[in-house]
Each structure stands twice: as C-alpha cells, then as structure tokens.
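These notes are about the structure you will find just below.
The values are calculated or read from the model by the stated rules, or taken from the named source; none is laboratory data. Predicted model, so just to flag it, every value in this text is computed and none were measured. Ideal geometry is used to build each Cβ from the backbone, glycine not excepted, and the neighbour counts take in all protein chains shown. The protein model used for the area step is the full one, side chains on, heavy atoms only, and it has no ligands, DNA or RNA in it. Shrake-Rupley method; radii C 1.70, N 1.55, O 1.52, S 1.80 Å.
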Amino acid sequence: MNKHLKQLIELSDLDKSIDEFIPEEERINGALNDLVAEREKASRQIDELENLIVDTSYKIDKQETALVEHRDKIARHESKSESLKTEREIKALGIEQDIAKEQINFINDEIERLQKSQEDSRAKIADLKSRIAAIENDIKQAKSESKEALASLADRKEVLLANRAKLVEDIPQKVFAFYEKIRRWAGNRAVAPVKKQACYSCFMKISDKVYGEVIASSEIVTCPNCGCILYVAQE
Ligand SMILES: [Zn+2]
C-alpha cells in the first residue's frame, strides 16, 4: 500500500478517536449544566413569588382602606338615624346600612383570600429554598466528579494528540493539506473504506477501473462520487 495512504488511514483513525471525546465531554458537562439551570429556575420562581407577595400586600392595604371607609359610613348612618322622622327615610337608611355591611363582608372575605395566597406563596418559597439547598449539594458533588472525569479524558486525549502531531510531522505537507481540505466537508469520513466495491462514505458503487486503482493503491485514489480518499478494507 502507498505509504502516504497508510499514514492518512492512521491519521483518520486518530481523528475519529479524538472526536469521540466531544460527546463524552458534553455528557460530563451536561449533568452539571442541568443542575445549574435547575437552580436558576428555582431562584427565578422565588423572585416571582416574592414580587407576588408585595403586590398582594398593596391589594390588602387597598381593601383595608375601603373597609375603614365603609365602617365610617355605617357609623355616620347610625348617628343620622336618630334624627330621621318618616318611615320611608328610616327604611331607605336601613337598606343603605345593609348594603354597606354586605360590602364589609365581601371585603373581609377578599382580605382573607389575599392573605391565604400570601401564605401559600411563602410556603412555596420555603420549599424552593430547601430544593435549592439540595441542588447546591448536587452541584458540589457533580463538580468534583466531573473535574476528575474531565481530567482523565484530557490525559487520554493528550496522548492521542501527541501521536497525531508526530504522525503529521512525517506526512508531506501537500498530502496533509489534501486530507485536511477533504475533512473540512467530509469530517471523519474523509478517508473511507471500500467494501463490496462501494465507497463507505457515500455508499455508491465504484467503477471497475477505480476499484482496480484502489486495490493497486500505488496512488491516493478519491471516490468519483463524493471525493473521499478510498482504501480497500480488510473484510
Ligand atoms: Zn464516495
């Protein structure tokens, strides 16, 4: 086999192995990122609930002011009732008093409902705070675990990168540049095996003539269909 082709096959295998670290790194970082996102979400929920409690306090203040007004009104009616003479006047005032009392009941119910919602919000905040404390613990643990895992990955990757650098030194610049150019669009399929007379990058059958050239492998042969570098795989 052509010496340079042999080097490119080796280089391509190394590049595949180096790229296999990417999903592994993502998986390790992903677990930690998920926890951080969960903590942020819980913090945001706490902020929202705290704002809601403040808004509700304003609403309660407003209702309490209205309550005072209605009570004053009732007191005024009561002092007025002594001076009333006709039955009609007395009846009209009675109706007004009933309405005011009803409104007071309604406002009291409303205040109770608002206070209840504040209590619910406070309970939710307490739950979220203990949830955050648990997540903080998980983050601490995940950080120390991922640190170890990433360090071990980095060590293994470094070995492969050193091997790659050494191999690249031996490959003529022109051959290496050719490989890199194909790799830019073909990725890790830049060097593809031929099996059953088909290119295993694009899976198209190659002609007898090209197949013969690949078998002879005295030159670097590319797939006429996809442009990848071809070699005969040991089947
Ligand atoms: Zn092809």
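Once the piece of chain linking Lys140 and Ala66 is laid out straight, how much longer is it, given 0.36 nm per residue of separation minus the C-alpha distance between them? If you can, show how the numbers build up before the last one.
On the way: separation 74, 0.36 × 74 = 26.64 nm, distance 5.16 nm.
The span from Lys140 to Ala66 would gain 21.5 nm if fully extended.
Of Phe21, Ile99, Ile46, whose Cα points farthest to the positive end of the dipole of the chain (charges on the beta-carbon: +1 Lys, Arg; -1 Asp, Glu; origin at the Cα centre)?
After comparing all options, I get Phe21.
Full-extension gain between Arg76 and Lys147, please, as 0.36 nm times their residue separation minus the C-alpha to C-alpha distance.
Values: separation 71, 0.36 × 71 = 25.56 nm, distance 7.52 nm.
Using 0.36 nm per residue and subtracting the Cα-Cα distance, I get 18.0 nm.
Please list Tyr58, Tyr179, Tyr231 in order of solvent-accessible area, largest first, computed with a 1.4 Å probe with all protein chains present.
Working: Tyr58 155, Tyr179 5, Tyr231 40 Å².
I get Tyr58, Tyr231, Tyr179, largest accessible area first.
In the stretch 177-232, how does Rg compare with the Kirkwood Rh, expressed as the Rg/Rh ratio over alpha carbon atoms?
Using only Cα positions, Rg/Rh for the stretch 177-232 is 0.94.
Quick one: net charge of Thr222's neighbours, Cβ under 15 Å, K/R +1, D/E -1?
Working: positive: Lys174, Lys181, Arg183, Arg184, Arg189, Lys209; negative: Glu180, Glu213, Glu219.
Computed value for this residue: +3.
Which lysines, on any chain, are close to Lys205 with Cα under 23 Å apart, when same-chain ones fewer than 8 places away are left out?
Once the sequence-local lysines are set aside, what remains near Lys205 is Lys6, Lys195, Lys196.
For the chain, give the magnitude of the charge dipole about the Cα centre (Cβ charges: +1 Lys/Arg, -1 Asp/Glu; no others), in debye to the nearest 20.
Details: 39 positive and 45 negative charges, 230 e Å.
In total the dipole reaches around 1100 debye.
Reachable aspartates and glutamates from Lys209, Cα under 19 Å, same-chain residues fewer than 8 places away excluded?
By straight Cα distance, Lys209 reaches Glu219.
If I histogram all Cα-Cα distances within the stretch 20-171 using bins 10 Å wide from 0, what percent of pairs lands in each bin?
Calculated over all Cα pairs of the stretch 20-171, the distribution is 9, 19, 15, 13, 11, 9, 8, 6, 4, 3, 1, 0 percent.
Full extension from Glu180 to Ser17: what is 0.36 nm times the residue separation minus their Cα-Cα distance, to one decimal in nm?
Working: separation 163, 0.36 × 163 = 58.68 nm, distance 1.63 nm.
Roughly 57.1 nm would be gained on extension.
Lysines within cross-link reach of Lys85: Cα-Cα under 27 Å, excluding same-chain residues under 8 positions apart?
Cross-link targets: Lys73, Lys101.
Taking amide H positions as placed in the peptide plane 1.01 Å from N, state which residues far from Val232 in sequence (5 or more) or on other chains have amide H under 5 Å from it.
Amide H neighbours of Val232, under 5 Å, 5+ apart: Val194.
With Cβ to Cβ distances under 11 Å as the rule, what net charge do the other residues near Lys129 carry (K, R +1; D, E -1)? Kindly include the intermediate steps, with their values, before the conclusion.
On the way: positive: Arg122, Lys124, Arg131; negative: Asp127, Glu136.
Surrounding charge for Lys129 is +1.
Sort 111-123, 187-199 by packing, meaning the average of other beta carbons within 10 Å per residue, with the highest value first.
On the way: 111-123: 14.2, 187-199: 18.2.
Per-residue Cβ counts within 10 Å, averaged per peptide and sorted highest first, yield 187-199, 111-123.
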